[in-house]
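So the structure is just underneath, and the comments pick up after that.
The values are calculated or read from the model by the stated rules, or taken from the named source; none is laboratory data. Worth saying up front: this structure is predicted, and the values here are computed from it rather than measured. Backbone-built Cβ (ideal geometry, glycine too); neighbour counts: all protein chains shown. Ligands, DNA and RNA are stripped out before the accessible areas are found, and what is left, the full protein with its side chains, is counted by its heavy atoms. Shrake-Rupley method; radii C 1.70, N 1.55, O 1.52, S 1.80 Å.
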Amino acid sequence: MVESVADSVSDVSIGDAVYALTSFCRDGAAAEYVAVHAADLAPKPKTIDHMQAAAVPLSALTVWQAFFDYAQLAPGQRVLIHGAAGGVGSFAVQIARWHGAYVVGTASAENRDFLLRLGANEVIDYRHVPFEQAVREVDVVLDTIGGETRERSWQALKPTGILVSLPGPIPESEGPAHGKRGVFFIVQPNREQLGKIAALIDSGAIRPVIAETIPLAKARQAFERGVAGHTRGKLVLAVDKP
Ligand SMILES: NC(=O)c1ccc[n+]([C@@H]2O[C@H](COP(=O)([O-])OP(=O)(O)OC[C@H]3O[C@@H](n4cnc5c(N)ncnc54)[C@H](OP(=O)(O)O)[C@@H]3O)[C@@H](O)[C@H]2O)c1
């Protein structure tokens, strides 16, 4: 909710229900108030509350930019999503399916039924099955895990495919050694894309998956839990208005 605006701002008003990707490298958003560039704010999806909306921008924008700005994902293509049950992955499964892709996700066995319900066509239990033997010839790999998961992913990719890795830069020689393309990027705020994502949420095509809502006072525990790397969907910090 917008509490105040600078004099130069004309397209956002006090009281507007908005959501945004805030500058997570500088200030983050674990606070009662946060300063945001007005140009980064988009109207909040109407069919979800603020707590649910808070779970959307970082993960859904990352997926949108990975699939459409970098991978040029086309309907009918095959996508492999690592960490499919996580914050980014749970949006990736839904957005890829909405776009008409064939979706293969990796997750532990406990998340299999959850991911099939979310829209995955196949789920590979990464703890028991070497995914690179179970899936081949994918057009896009969305890697939210990195390390040896990324290294093994080249084998699953078509020669014309692309590997988008999110945890960190891909070593320069890795893609060329396999004769394939890879990219790492850092998600950027984008009002227009948030508008499209809000429309998808309001149409019922996608939804945020919330593992737990945790009070701001317990933010440390929330971050520690997130770092453990087995959250289903997103952890949300609940802020009481002072
Ligand atoms: N570059 C960017 O702009 C950008 C933007 C957003 C996020 N990121 C990065 O993307 C990564 C993922 O973020 P996130 O928020 O989605 O993480 P997350 O929610 O913490 O991911 C947790 C999920 O990972 C799964 N998982 C753990 N190990 C796995 C493995 N070896 N294979 C397959 N799945 C595995 C877990 O499933 P199980 O419980 O079933 O094991 C869990 O559901 C982070 O490194 C984050 O920093 C980068």
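State all residues of region 226-242 that are more than 18 Å from the chain's Cα centre (by Cα) and among the charged types (D, E, K, R); if no residue qualifies, say none. Of everything in region 226-242, those that are more than 18 Å from the chain's Cα centre (by Cα) and among the charged types (D, E, K, R) turn out to be Asp240, Lys241. Taking region 114-140 as the range and being within 12 Å of the ligand (Cβ to nearest atom) and either among the aliphatic types (A, V, I, L, M) or in contact (Cβ under 8 Å) with a residue 40 or more places away in the chain (or both) as the test, the residues that pass are Phe114, Leu115, Leu118, Val123, Ile124, Tyr126, Val129, Phe131.
The set of residues from region 94-111 being more than 9 Å from the ligand (Cβ to nearest atom) and among the charged types (D, E, K, R) comprises just one member, Arg97.
Got at least one residue in region 153-167 being under 30 Å from Pro43 (Cβ atoms) and surrounded by 12 or more Cβ atoms within 10 Å (Cβ to Cβ)? Steps first, answer last, please.
Taking region 153-167 first, the residues under 30 Å from Pro43 (Cβ atoms) are 164, 166.
Subset that is surrounded by 12 or more Cβ atoms within 10 Å (Cβ to Cβ): 164, 166.
Yes, some residue in region 153-167 is under 30 Å from Pro43 (Cβ atoms) and surrounded by 12 or more Cβ atoms within 10 Å (Cβ to Cβ).
Would you pick out the residues in region 65-83 that are part of a strand (DSSP E or B) and open to solvent by 10 Å² or more (accessible area, probe 1.4 Å)?
The initial filter retains those residues of region 65-83 that are part of a strand (DSSP E or B), namely 78-82.
Arg78 - this is the single residue of region 65-83 that is part of a strand (DSSP E or B) and open to solvent by 10 Å² or more (accessible area, probe 1.4 Å).
Looking at Glu174, Glu122, can you tell me which residue is farther than 20 Å from Leu73 by Cα and surrounded by fewer than 18 Cβ atoms within 10 Å (Cβ to Cβ)?
Details: Glu122 fails: farther than 20 Å from Leu73 by Cα.
Just a single option satisfies the conditions, and that option is Glu174.
Restricting attention to region 224-239, which residues are open to solvent by 100 Å² or more (accessible area, probe 1.4 Å) and in contact (Cβ under 8 Å) with a residue 60 or more places away in the chain? Answer for region 224-239, where residues must be open to solvent by 100 Å² or more (accessible area, probe 1.4 Å) and in contact (Cβ under 8 Å) with a residue 60 or more places away in the chain: just His230.
So, Glu148, is that one over 25 Å from Arg117 (Cα atoms), open to solvent by 20 Å² or more (accessible area, probe 1.4 Å), in a helix (DSSP H, G or I) and near the ligand (Cβ under 10 Å from one of its atoms) or not?
Values: over 25 Å from Arg117 (Cα atoms): yes; open to solvent by 20 Å² or more (accessible area, probe 1.4 Å): yes; in a helix (DSSP H, G or I): yes; near the ligand (Cβ under 10 Å from one of its atoms): yes.
Yes; evaluated as a whole, the condition is true for this residue.
Within region 84-97, can one find any residue that is open to solvent by 20 Å² or more (accessible area, probe 1.4 Å), more than 16 Å from the chain's Cα centre (by Cα) and not hydrophobic (A, V, I, L, M, F, W, C)?
Taking region 84-97 and keeping what is open to solvent by 20 Å² or more (accessible area, probe 1.4 Å), we get 88, 97.
Among the residues that remain, those that are also more than 16 Å from the chain's Cα centre (by Cα) are: none.
Scanning region 84-97 turns up no residue that is open to solvent by 20 Å² or more (accessible area, probe 1.4 Å), more than 16 Å from the chain's Cα centre (by Cα) and not hydrophobic (A, V, I, L, M, F, W, C).
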